[in-house]
Amino acid sequence: MATKKGGSFRVGDRIGRLAMLLSVAMNLVLLFRLHKGGIFADEAPLQRRPEELALRTCPVEMEAERREGTEKLPPPPRSVAENAVINLDHGDPTVFESFWKQTGEKGTVVIPGWRTMSYFSDAAALCWFLEPEFAAEVRRLHRLVGNAVSGDGRHVVVGTGSTQLFQAALYALSDGGDARDPPASVVSAAPYYSSYPAVTDYLRSGLFRWAGDAHAFKGESYIELVCSPNNPDGSIREAVLSSEAGKTIHDLAYYWPQYTPITDRADHEIMLFTVSKSTGHAGTRIGWALVKDREVARKMVKFIELNTIGVSKDSQLRAAKLLKVVSDGYELERADEHTDRLFDFGRRIMAARWERLREVVKASGIFSLPEFPDGFCEFTKERTGIYPAFAWLKSEKAEIEDLESYLRSQKILTRSGKHFGAGSNYVRVSMLDRDETFDLFLNRLSSLR
Ligand SMILES: Cc1ncc(COP(=O)(O)O)c(C=O)c1O
């Protein structure tokens, strides 16, 4: 018995040592990955200290060139340390959280266990994975806001964010030619959204290929991406190219009244929208396309079928509810105009932020910002300014050639102009973060001389 006991003790001892060794090895691997920037791969050059992590407010604007793997993030901070790193690299729309908090239970969705089990929403429909409730609320919201033609002649295609729809649109517009044809050239006027080149080229498709700045493009056949208001510089845009064989995709993610006056009902071949920037629910991962041509819509649906066999119904039901809350805020008699109107809330905050930012930038003597004309908004029926989701900040000092590095040295994380086809004397700064982050950003910026 004694030998047996001793034997089992030795076995247990060995298992204990092995477990300890394993745990040490795992910690070493983790430390190595942190050091190499594997966990925060998109900001690898920066050493992360605890106070930096405290302000890292959900970097989930999934821009392909900057993302790798999944990330486990700390909960959002309640207060922000004065010396914290301020991360305004991503356009994470947390500014809208306080609106949704004040709407209480109105936006809550409960999905019983038996619902949303089938792959299909309407097997007979062109977009067979589109939840009818979601499509109805999309059309209702466009009717209310007047920002896009969305009636019966337009096909609604739902996507996992407008990022998936952008790829579906590239597929639809470039598929169908001879397999020996060269890839379609994908262009956008610089400065363009930094995801466009990355998402176009990451699979090295034989169907389409990034071809850079639309202004520099020579040729008749192309797919032009038109983003209006534009990410990163907030400009209101139209296509810069024109030819019989050319095609366009209009990315209207920011064509909502909190950012810009709604001057007309957009009516293009393919228009992309997303809840990420309209209601602020980037994590729900829902976007939609309004498509004129049935065959193009059919091919986009085919892409999504091949890519993800449809789009989360749970997310569509949530998005439908959120869009409903937004429309109800304007259409229901019992709605409270002070608490229930998302676009009023958004415009108020964005206007105030832009006014404060402009003051600080003017006083600094270091930076400048683009100017925008006012316009008459058909939605609010008044003249309003343009308050973009990003500030396109320029260095006006010759000695600050690399503005991203300069701001990084001041613990302000932004995205360099070079990712947008522009110079490194520009950076893009998110205007959509929480109040405490934005306040700290202004404080920090005003201390620079
Ligand atoms: C112009 C533009 N289009 C599309 C997207 C991506 O939207 P989604 O979150 O729906 O994929 C963004 C996100 O920042 C954007 O700025």
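The values are calculated or read from the model by the stated rules, or taken from the named source; none is laboratory data. Only a predicted model underlies this, so the values are computations on that prediction, with no experimental measurement involved. A quick note on method: Cβ atoms are made from the backbone with ideal geometry, for glycine too, and the neighbour counts reach across all protein chains shown. Accessible surface areas use protein heavy atoms only, side chains included; no ligands, DNA or RNA. Shrake-Rupley method; radii C 1.70, N 1.55, O 1.52, S 1.80 Å.
Candidates in the stretch 304-321 are the residues that are closer than 26 Å to A389 by Cβ and of a type outside the set (A, V, I, L, M, F, W, C); of these, the one that is most open to solvent (accessible area, probe 1.4 Å) is R318.
Please give the helices (runs of 4 or more DSSP H) falling wholly within the stretch 267-386 in which 3 or more residues are of a type in the set (G, A, S). Steps first, please.
Details: elements: 275-278, 294-308, 313-331, 342-364.
Passing ranges, in order: 313-331, 342-364.
Here A198 meets each of (1) under 21 Å from the mean Cα position of the chain (by Cα); (2) at positive phi with one exception, condition (2).
Every residue, every condition in (1) in contact with a Ser or Thr (Cβ under 7 Å, 6 or more places away or on another chain); (2) among the acidic types (D, E); (3) open to solvent by 50 Å² or more (accessible area, probe 1.4 Å), yes or no:
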site: L88; (1), (2), (3): yes, no, no
site: G91; (1), (2), (3): yes, no, no
site: S98; (1), (2), (3): no, no, yes
site: Y119; (1), (2), (3): no, no, yes
site: A148; (1), (2), (3): no, no, no
site: R154; (1), (2), (3): no, no, no
site: Y171; (1), (2), (3): no, no, no
site: A179; (1), (2), (3): no, no, yes
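Would you point out which residue out of E382, E295 is outside the structural domain of F438 (by TED's automatic domain parsing) and among the acidic types (D, E)?
E295
Does L357 count as within 30 Å of W114 (Cα to Cα), open to solvent by less than 70 Å² (accessible area, probe 1.4 Å) and not hydroxyl-bearing (S, T, Y)? It is false that L357 is within 30 Å of W114 (Cα to Cα), open to solvent by less than 70 Å² (accessible area, probe 1.4 Å) and not hydroxyl-bearing (S, T, Y). Under the condition of being more than 13 Å from the ligand (Cβ to nearest atom) and part of a loop (DSSP other than H, G, I, E, B), the residues counted in the stretch 190-244 number 21. When A123 is tested against (1) within 25 Å of the chain's Cα centre (by Cα); (2) assigned to a loop (DSSP other than H, G, I, E, B); (3) not hydroxyl-bearing (S, T, Y), exactly one condition is not met: (1).
The residues of the stretch 360-371 that are open to solvent by 40 Å² or more (accessible area, probe 1.4 Å) and either modelled with pLDDT of 95 or more or under 24 Å from the mean Cα position of the chain (by Cα) (or both), listed by number, are K362, A363, E371. One residue stands out among those in the stretch 265-303 that are open to solvent by 60 Å² or more (accessible area, probe 1.4 Å) and within 11 Å of the ligand (Cβ to nearest atom): the one that is nearest to S150 (Cα to Cα), which is R285.
Inspection of the stretch 104-117 finds a residue satisfying the criterion of being within 30 Å of V429 (Cα to Cα), under 23 Å from the mean Cα position of the chain (by Cα) and either part of a loop (DSSP other than H, G, I, E, B) or not assigned by TED's automatic domain parsing to the domain that holds D344 (or both). Can D213 be described as at pLDDT 95 or above, out of contact with any helix residue (DSSP H, G or I) (no Cβ under 9 Å at 6 or more places or on another chain) and open to solvent by 40 Å² or more (accessible area, probe 1.4 Å)? Judged against the criteria, D213 is a match. Being outside the structural domain of L290 (by TED's automatic domain parsing) and away from the ligand (no atom under 15 Å from the Cβ) is a property that does not hold for V149. Within the stretch 216-232, the set of residues being farther than 21 Å from H268 by Cα and open to solvent by 50 Å² or more (accessible area, probe 1.4 Å) comprises A216, K218.
Listed residues F438, F390; which is over 15 Å from R356 (Cβ atoms) and either open to solvent by less than 10 Å² (accessible area, probe 1.4 Å) or polar (S, T, N, Q) (or both)? Break it down stepwise before answering.
On the way: F438 fails: over 15 Å from R356 (Cβ atoms).
It is F390.
Residue count for the stretch 159-189, restricted to those that are within 14 Å of the ligand (Cβ to nearest atom) and in a helix (DSSP H, G or I): 10. Residue pairs whose Cβ atoms lie under 9 Å apart, sitting 6 or more positions apart in sequence or on different chains, and linking a residue in the stretch 327-353 that is β-branched (V, I, T) to a partner that is assigned to a helix (DSSP H, G or I) and surrounded by 16 or more Cβ atoms within 10 Å (Cβ to Cβ), are T339/F99; T339/G329; T339/F345; I349/V95; I349/F96; I349/F99. Entry remark, the stretch 245-264: residues being within 12 Å of the ligand (Cβ to nearest atom) and in contact with a Cys (Cβ under 7 Å, 6 or more places away or on another chain) number 1 in total. Contact annotation: no residue pair with Cβ atoms under 6 Å, 6 or more positions apart or on different chains, pairs a residue in the stretch 245-258 that is farther than 23 Å from V296 by Cα and free of Cβ contacts under 8 Å to residues at least 60 places away in the same chain with a partner that is within 10 Å of the ligand (Cβ to nearest atom) and assigned to a loop (DSSP other than H, G, I, E, B).
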